[in-house]
1. Any residue at all in region 148-167 that's within 13 Å of the ligand (Cβ to nearest atom), at pLDDT 95 or above and in a helix (DSSP H, G or I)?
2. Say we look at region 339-368 and pick out the residues that are assigned to a loop (DSSP other than H, G, I, E, B) and at negative phi; which of these is nearest to the ligand (Cβ to nearest atom)?
3. Checking the structure you have, find out if any residue of region 302-321 is over 30 Å from Pro387 (Cβ atoms) and within 21 Å of the chain's Cα centre (by Cα).
4. Restricting attention to region 191-243, report how many residues are under 21 Å from Ala310 (Cβ atoms) and at pLDDT 95 or above.
5. Would you confirm, using the coordinates I've provided, whether Gln187 is assigned to a loop (DSSP other than H, G, I, E, B) and in contact with a helix residue (DSSP H, G or I) (Cβ under 6 Å, 6 or more places away or on another chain)?
6. Applying the selection to region 1-41, what residues are small (Gly, Ala, Ser), surrounded by 12 or more Cβ atoms within 10 Å (Cβ to Cβ) and either modelled with pLDDT of 90 or more or farther than 30 Å from Arg311 by Cβ (or both)?
7. Please find, among Ala355, Ala333, the residue that is under 30 Å from Pro52 (Cβ atoms), touching a strand residue (DSSP E or B) at 6+ places or on another chain (Cβ under 9 Å) and crowded, with 17+ Cβ neighbours inside 10 Å.
8. Only one of these is farther than 24 Å from Gly157 by Cα, surrounded by 19 or more Cβ atoms within 10 Å (Cβ to Cβ) and at pLDDT 95 or above: Gly393, Gly365. Name it.
Amino acid sequence: MEQHSRTDVYADRYAARAAGMVPSEIRALFAMAARPEVVSLAGGMPNVSALPLDAVGQMIGDLVAGRGAEALQYGSAQGDEQLRERICEVMALEGVQASPDDVVVTVGAQQALDLITKIFVDPGDVVLAEAPSYVGALGTFASYQADVVHVPLDEGGLIPSALRETLASLRAQGRSVKFLYTVPTFQNPAGVTLTTARRAQILEICAEFDVLVVEDNPYGLLGFDGEPMRALRADDSEHVIYLGSFSKTIASGLRVGWVLAPHAVRAKLVLAAESAILCPSNFSQFAVREYLTTQPWREQIKDFRELYRARRDAMLESLDQLMPDGCTWTRPAGGFFVWLTLPEGLDAKAMAPRAIAERVAYVPGTGFYADGTGHRHMRLSYCFPEPHRIREGIRRLAAVVEQEIRL
Ligand code: PMP
């Protein structure tokens, strides 16, 4: 209980699970990073203003005028059937063959994470996650008192031999693993992508140890080169639960995501969703359905890719030119994030207030580890600021790192 604020007079009354609910470092940083003079490389906000807002406005107006009574009413807990059909078409771009009946529409992928953890995890159960892992997932796992065990990744994504060793060691301790949580493509926060060869190995290992995989894939269609990667779910429908989202390909404010799960799990998820929210927003679902039906959404995704590619290029060029020796960073082929490692002895968390004073913000690596490690790392987002601001931000950051090295 000691994690609750000392000034909280209700602290004694909370359930044990509320102890794990503490503000993430990211949230605290956002307040400071929001000042206009600060270049924020901290937030992971998609660039929704690149959408054709007038056309979307017209579409929403027509939706309310034409089918408002239905759009503004309650809907089914599983989600609108026609939207689920469209979702299956979207997943087919990554090789996934699925029935709309096995899809549950959720309030963003974040709610899918919550529902999955709720139905599978008892306090103390083991969940495997990449090191580093998505901070929002770690928050969810903490809220259900999961025991998160990290498995390292490198430039090629999650390391299969490390996964095998971790599973074998947990088995030897008599501990069962509820699932492996992974973001295989354009990972948040590391920006790396699981290679094709490793995809097959990871699936093989999980099948061998009979471990479920939760594949979280919000960035899969935002690759800068070639065709989308084949999803893990495309090659294993028995062990893989797939999470998708329209937050990055349409708009995060609509809060529409989904989960594709084996049939029995899907039924449990619908029951869990019913008691959590009754049903996802019909209005948002109809808006997404209309968008996918009436707007050139594939072209729009291409525009998003070009926009993010230009920003990725600006960030990598500036890092190459300006970062002092001893720093290393990943080279993402899609998505929103670069993961930077400082020279030995430097601490990104301790450095953050000094960076803010120099008007640049990033997210220290510690937030992406459940075990309090990650001090030498930071996440740099290139999704939101314009390229010239990214260059300025990296210039300021490089100067701060330079100073730290000399201290
Ligand atoms: N998973 C990952 C890896 C993410 O990066 C995010 C959003 N930052 C989410 C899930 C949640 O997305 P949504 O907006 O769909 O809830």
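The values are calculated or read from the model by the stated rules, or taken from the named source; none is laboratory data. Just so it is clear, the structure is predicted and the values come from calculations on it, not from any experiment. Heads up, the Cβs are rebuilt from the backbone with ideal geometry, glycines too, and the neighbour counts pull from every protein chain shown.
1. Of all residues in region 148-167, those within 13 Å of the ligand (Cβ to nearest atom) come to none.
No, region 148-167 contains no residue that is within 13 Å of the ligand (Cβ to nearest atom), at pLDDT 95 or above and in a helix (DSSP H, G or I).
2. Going through the qualifying residues, I end up with Tyr362.
3. Within region 302-321, the subset over 30 Å from Pro387 (Cβ atoms) is none.
Within region 302-321, none of the residues are over 30 Å from Pro387 (Cβ atoms) and within 21 Å of the chain's Cα centre (by Cα).
4. Qualifying residue count, region 191-243: 11.
5. It is false that Gln187 is assigned to a loop (DSSP other than H, G, I, E, B) and in contact with a helix residue (DSSP H, G or I) (Cβ under 6 Å, 6 or more places away or on another chain).
6. Ala11, Ala18, Ala19, Gly20, Ser40
7. Ala333
8. The conditions single out Gly393.
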